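Following: one structure in structure tokens, then a few remarks.
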Amino acid sequence: MKCPLCTSEANHFYTDKKREFNFCSNCFAVFLNPKNYISEAEEKKHYELHNNDVNDAGYQQFVSPIVDEIKKDFTPKHKGLDFGSGTGPVITKMLNDEGFSIVEYDPFFANNPKVLKKKYNYIACCEVIEHFHHPYKEFKKLYDLLLPGGKLYCKTDFFSEKNNFDTWYYKNDPTHVFFYHPKTMEWISKNIGFSKFYVDGRMTVFEK
């Protein structure tokens, strides 16, 4: 099976009772076999179960690493995009409260194609990229949406060879289909065209 990010041949990695995962030794990603994807209707229903209250202090704390980095790197005069904003666009709310100009896009809950025809100084993707069925295509889209010098902020839980995949909670979400290693981020940076990137905990920042 070919890796949906780098198209290299990937090998079987893990199988549970219902799903099969593959590992790509080229970009170090682990991905779900597409035959195990749930339907779009099931995916949307699953997201609607999330209790994403934009005023919840815990939820705000969860996204704060991205919000804080954006506030450090940009000002209210810059334009931002909350890509994959979900049922509760907390990043948008927190930055709007600080006077920042940021718009939402989500294929299920804020499906406004017009915002994808503009370009932005920064893009936030919090707990979004693990849902990508076509990660190369999606990262290329995000790169193209950035202005020169723009930054893409991604938060996800990283796959590690040192961890027990069998007990790793992150794989159990049926909408999580693509898992990243820090080396995967390096591959993305080099092959999508970003000028540089860094990893800080669960957050990766790419610069155009």
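The values are calculated or read from the model by the stated rules, or taken from the named source; none is laboratory data. These numbers come from a predicted model, not from an experiment. Cβ placement follows ideal geometry from the backbone for every residue including glycine, while neighbour counts extend to all protein chains displayed. Note: areas computed on protein heavy atoms with side chains; ligands, DNA, RNA excluded. Shrake-Rupley method; radii C 1.70, N 1.55, O 1.52, S 1.80 Å.
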| Could you give the distance between the Cα centres of region 2-45 and region 70-140, to the whole Å? | 25
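Taking 1 over the mean of 1/r across every pair of different Cα atoms in region 151-208, what Kirkwood radius in Å do you get?
Numbers: mean 1/r = 0.0812 Å⁻¹.
Its Kirkwood hydrodynamic radius stands at 12.3 Å.
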| remark: Computed, not fitted: 222 nm per-residue ellipticity of the chain from DSSP H runs ≥ 4 (each -39500 (n - 2.57)), nearest 500, equal to -7500 deg cm²/dmol
| field | In order through region 154-165: 3J(HN,Hα) via Karplus (6.51 cos²θ - 1.76 cosθ + 1.60), integer Hz, x for Gly, Pro | value | 10, 10, 7, 8, 7, 6, 9, 5, 7, 8, 7, 4
| query | Of Lys77/Lys119; Lys141/Lys183; Lys72/Lys141; Lys118/Lys208; Lys93/Lys196; Lys35/Lys155, which pairs sit farther than 19 Å apart, going by alpha carbon to alpha carbon? | reply | Lys141/Lys183; Lys72/Lys141; Lys93/Lys196; Lys35/Lys155
| query | What residues have an amide H closer than 5 Å to that of Leu146, excluding those fewer than 5 places away on the same chain, when H is modeled at 1.01 Å from N in the peptide plane? | reply | Tyr120
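Can you tell me the accessible area per residue over region 63-121, all protein chains present, probe 1.4 angstrom, in square angstrom?
Value returned for region 63-121: 48 Å² of accessible area per residue.
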| task | Please give, to one decimal in nm, the separation of the simple spin-label points placed at His134 and Tyr170, each 7 Å out from Cα toward the Cβ. | result | 2.5
| remark: Among beta bridges assigned by DSSP with both residues in the chain, the antiparallel ones amount in percent, to the nearest 5, to 60
| When the accessible area of region 19-136 is split by element with a 1.4 Å probe, what percent falls to carbon and sulfur? | 49
| Which shape class applies to region 43-146: rounded if a/c is under 1.5, otherwise prolate when a/b exceeds b/c and oblate if not, where a ≥ b ≥ c are the square roots of the Cα gyration tensor eigenvalues? | oblate
| message | Starting from 0.36 nm per residue, how many nanometres of slack lie between Asp53 and Glu40 once their C-alpha separation is accounted for? | response | 2.4 nm
| Geometric extent, Cα atoms of the chain - Rg, Dmax (angstrom) | 16.7, 51
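Under 8 Å for C-alpha pairs, at least 6 residues apart: give me the relative contact order for the chain, rounded to a whole percent.
19
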